[in-house]
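What follows is one structure encoded as structure tokens, with my remarks underneath.
Please treat every number below as a calculation from the coordinates, not as lab data. Bear in mind the structure is a predicted one, so any value in this text is a computation, not a measurement. In this analysis, Cβ positions are derived from the backbone assuming ideal geometry, glycine residues included, and neighbour counts consider all displayed protein chains.
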Amino acid sequence: MIAITGIGIMSSLGMGKDKLVQALREGRSGIASPSRVKTDKIKNLGEARDFDPKKYIPPLKARKMSRFSLLSLCSAVEAMDDAGLNAGKDLGPFECAVIVGTSLASAETTDTFFNGLMEGGALNTNPILFPETVQNVAASQIAIHFGIKGPSATFSQGETSAEAAIKYASALINKGRAKAVLVTGAEELSAPLLNGYYALGLLSKKGFSYPYSNERDGFIPGEGAATLVLEDLDSARKRGAKVHAVINAVSLVSSAAGRLSYETSGDCLERAMRSAMRASGIESPDAIFGAGNSTVGLDAAEAMAIGRTFQGRMIPVAALRAYTGYFPADGALRVATAALCVSEDFLPAMPGCFKALGCAEFLDFAPDAAFDSDNPTVLVNSLSNGGSAACAAVQRGER
Amino acid sequence: MRSPVIAGIGVVSSIGIGLNAYWDSLQRGVSGIGNISLFDTSGFAGRLGAEVRDFPETDFKSLFSFLPGAHDLRPGRISRCESFGLLAAFEAIRDSGLDFSSIDHERVAVVLGGGAGGLFSVERFKRSIREGRKARPSLLMPFCASALTDLLASVIGSRGYRTTISTACSSSNTAVGMAGELIEDGIADIVITGGAESLSETTFAGFNCLRAVDDVPCRPFDLERKGISLGEGAAIFVIAADSASLPKRYARIGGYGLSADAHHVTAPAPDGQCIAMAIMNAINYASVSIDDIGYINAHGTATKANDSAEANALKRAFGKRAGAIPVSSTKSMIGHCLGAAGAMEAAASVMALYRGILPPTMNYATPDPECDLDVIPDKSRKADVGAVLSNSLAFGGNNTALVLLKA
């Protein structure tokens, strides 16, 4: 069994996992008008407004890194600290691994680098930027920072990027190829990214993120990073590590879907949920942390998938993307949040700022509700445009 | 345990379109490295590259009409990188002789390695806008590394595990290794794997501004080497379990090993220790002995740093035998194909096993005492080997070693 022994989170709800928990308990969304990112393409964003990398890494080191690398590395620093692990002392460097999930990496650095080429030719390209244009740079920065030399990989599969990373990391531990794995899911926000989303007609014009509501018209982009430290549960207990939660299963399946389109019937997500429950040996979760991102397509597909899978049973759904906005690799953030919620025994309702805009029944529960069960299980869903789907089953570790 | 077998192969390269043309050129030492016509390279110190020339105009919708998702293939909406991947996939699927209409699609997985991918399309978009011309937003769609994975999976109608590895130069080597693992673990019965890559101005400018591009065709392991030659292309494999009824068996995927250098965002750790670890992980996974390896397809990018580090790694892993095992860099002919490199070099490695001929290292004039290896200079060599090692050592220290075995 895979234990989550460390969690680090940088998001629109603040720096650090405690800020996230506080915001969720208070029903306070992190979506607000643009501040760092200068844009006229959208009214609101889930920017990580308070993000200050200097709190976690030396400024000289930070200067050379993209925001994508910085968010990733800072969340990893918090997670390793939380886990109480020193990659050099407690474990050999080859016994630790770094696995990252990201769909977009630093699109801004690529854009800036290419702008230099377009504007001034070969002599106008900045060598400091180029390494930060590659997708695996965050994994590299994390490995360098901690001196971690075990297996490393970066997964880039749209909205199932983080789950692919979590599943692979779990397999590394189960197969004895690593004793501890840092898994990070991260994306950064930037003006060029927003311009691209806008050109493709994907953004919310109304400017809110209210998943599953009748008024939804597109997503609000967010940014952030979440790192989980994963270990074998028995090993974690032996070293006296705190166990936030355990991951019982991660299912990854797929179906045909057009480019930038979500599979419409919800069949693919239904298969992912059923498969995760089978693998975990559970009949029914205590809650679902939904994938709903306030788009017409995804939310409808997921609602149908949930309806068919749990016919008649009303499972509460937490719509976290109403709090943070949406970014493709936020699966790690939602799994981390699920771990914190089962551990601290609370279930986030919709943020207080939203009036009921055709509220789906499964969202209708009291703010700051506790779980009914003694040993709650949460399913964390992801459905990607392009056709992949994921479901992770998270359960409270024993107290 | 089910052993993964390579049942079909497709290749698109600068030295030939199709597996037979590719292998024929590799054996004969034919190089695809020359002038680039895809974009303006004036102003760069290193202007050469291995461009895929004479790519046939292809109606992919018709080509794939025997598969359920062919209607997803809209002309004008397919990037250069995707067109390479699709043609290679078509060849691999046909080559395998497997009937994709009658298989359980939930047991078909797709795992590809990605690199710059659709970046070339995004560059066209940005240049058009800058020049005041209208640009189709659909040019932005193939930006994500997963674009080809999703497109191919949709065409085939696969409903199983699907993912994309994005570790720069080692992406598709890791993908091939993972594909084998999916078969062994019983997660899939058939896996489509490999990778595709297109030249792009960003990568061309990027390697040039790091002064990592040679102004002559790259010279792996040569004393005078000054850097890489970039390339493009695709190699796609159909992998199945050895228990299946398969018309063709090219080789078996023995295993793979990963490690991280934890050293620098671009330069490899000079001592090669972590690379050696990846190699030993792959050897152990494949349950072979280090002495079983009869040929090594090196990462051999022809940068000063890579080739020295890799030579050191081989010495660590193979000990006294290091100088005697034939090792060549096919990048000397096809250039560095980034996201497709691992797969294209795996294809060369598979054919070396299958045909008993080891491809050469070209452009080798002056031995480097730091790389005192048998680099198979200039001419391919007949050799019946049972196990091959293929290395891919990426930017940022993502090292992947792949072991392939006779079928």
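Quote the charge dipole size of segment B:109-170 about the Cα centre in Debye, to the nearest 20; the model charges only the Cβ of Lys and Arg (+1) and of Asp and Glu (-1).
Numbers: 9 positive and 3 negative charges, 65 e Å.
So the magnitude is around 320 debye.
Filter the trypsin sites (Lys or Arg not before Pro) in segment B:80-179 down to the DSSP loop ones having no more than 14 other Cβ atoms within 10 Å, then list what survives.
Here the sparse-neighbourhood loop sites are B:Arg133, B:Lys134.
How about segment B:342-407: which chymotrypsin sites (Phe, Trp or Tyr not before Pro) there lie in a loop by DSSP and see at most 12 other Cβ atoms within 10 Å?
For chymotrypsin sites (Phe, Trp or Tyr not before Pro) across segment B:342-407 that sit outside H, G, I, E and B with at most 12 neighbouring Cβ atoms in 10 Å, the list is empty.
Let's see if you can work this out: charge +1 on each Lys and Arg Cβ, -1 on each Asp and Glu Cβ, no other charges. What is the dipole magnitude of segment B:41-82 about its Cα centre, in debye to the nearest 20?
Details: 6 positive and 6 negative charges, 29 e Å.
Once rounded to the nearest 20, the dipole reads 140 debye.
Which loop-located trypsin sites (Lys or Arg not before Pro) does segment A:83-174 contain, where loop means any DSSP state but H, G, I, E or B and the Cβ has at most 11 other Cβ atoms within 10 Å?
Here the trypsin sites (Lys or Arg not before Pro) that fit, given the DSSP loop and packing criteria, are A:Lys89.
Explain nothing, just the number: dipole magnitude of the protein assembly as shown about its Cα centre with +1 on each Lys and Arg Cβ and -1 on each Asp and Glu Cβ, in debye rounded to the nearest 20.
640 debye
Give the total of Lys-Lys pairs in chain B with Cα-Cα distances below 19 Å; include a pair only if its members are 8 or more places apart or on different chains.
Lysine pair count for chain B: 8.
What's the center-to-center distance, using Cα atoms, between segment A:267-297 and segment B:140-212 in Å?
26 Å
Rounded to the nearest Å, what's the spacing between the alpha carbon centres of segment A:100-162 and segment B:284-341? Just the number, please.
Here the two parts' Cα centres lie 26 Å apart.
Give the residue from B:Thr366, A:Gly6, B:Thr149 lying farthest towards the positive end of the charge dipole for the protein assembly as shown; charges sit on Cβ (+1 for Lys and Arg, -1 for Asp and Glu) and the dipole is referred to the Cα centre.
B:Thr366
Any chance you could check the Cα centroid distance between segment A:219-235 and segment A:16-49 for me, in angstrom?
18 Å
Does chain A classify as rounded, prolate or oblate by the C-alpha gyration tensor (a ≥ b ≥ c root eigenvalues; a/c under 1.5 gives rounded; else a/b over b/c gives prolate, otherwise oblate)?
Oblate is the answer for chain A, as a/c is 1.5 or above yet b/c matches or exceeds a/b.
Step through the table entries A:Lys17/A:Lys89; A:Lys89/A:Lys167; A:Lys19/A:Lys64; A:Lys43/A:Lys149; A:Lys19/A:Lys205, compare each Cα-Cα distance with 32 Å, and write down the pairs that go over it.
In this structure, A:Lys43/A:Lys149 lie more than 32 Å apart at Cα.
Among A:Phe289, A:Phe346, A:Phe114, what is the fewest-to-most ranking by other Cβ atoms within 10 Å? Numbers along the way, then the final one.
Numbers: A:Phe289 27, A:Phe346 17, A:Phe114 24.
Neighbour counts put them in this order, fewest first: A:Phe346, A:Phe114, A:Phe289.
Hey, if you put +1 on the Cβ of every Lys and Arg and -1 on every Asp and Glu Cβ in chain B, which of B:Ala251, B:Val216, B:Ala109 ends up farthest toward the positive end of that dipole?
Comparing the listed Cα positions along the dipole, B:Val216 ranks first.
First check a/c for segment B:308-404, with a ≥ b ≥ c the square roots of the eigenvalues of its C-alpha gyration tensor; if it is under 1.5, answer rounded, and if not, answer prolate when a/b is larger than b/c or oblate otherwise.
Rounded shape, in that the Cα axes give a/c under 1.5.
Taking GluC sites (Glu not before Pro) as candidate sites, keep only those in a DSSP loop with at most 14 other Cβ atoms within 10 Å, then name the longest stretch of chain B containing none of them.
B:225-407
What percentages make up the Cα-Cα pair-distance distribution of chain B when the bins are 20 Å wide from 0?
31, 59, 10, 0
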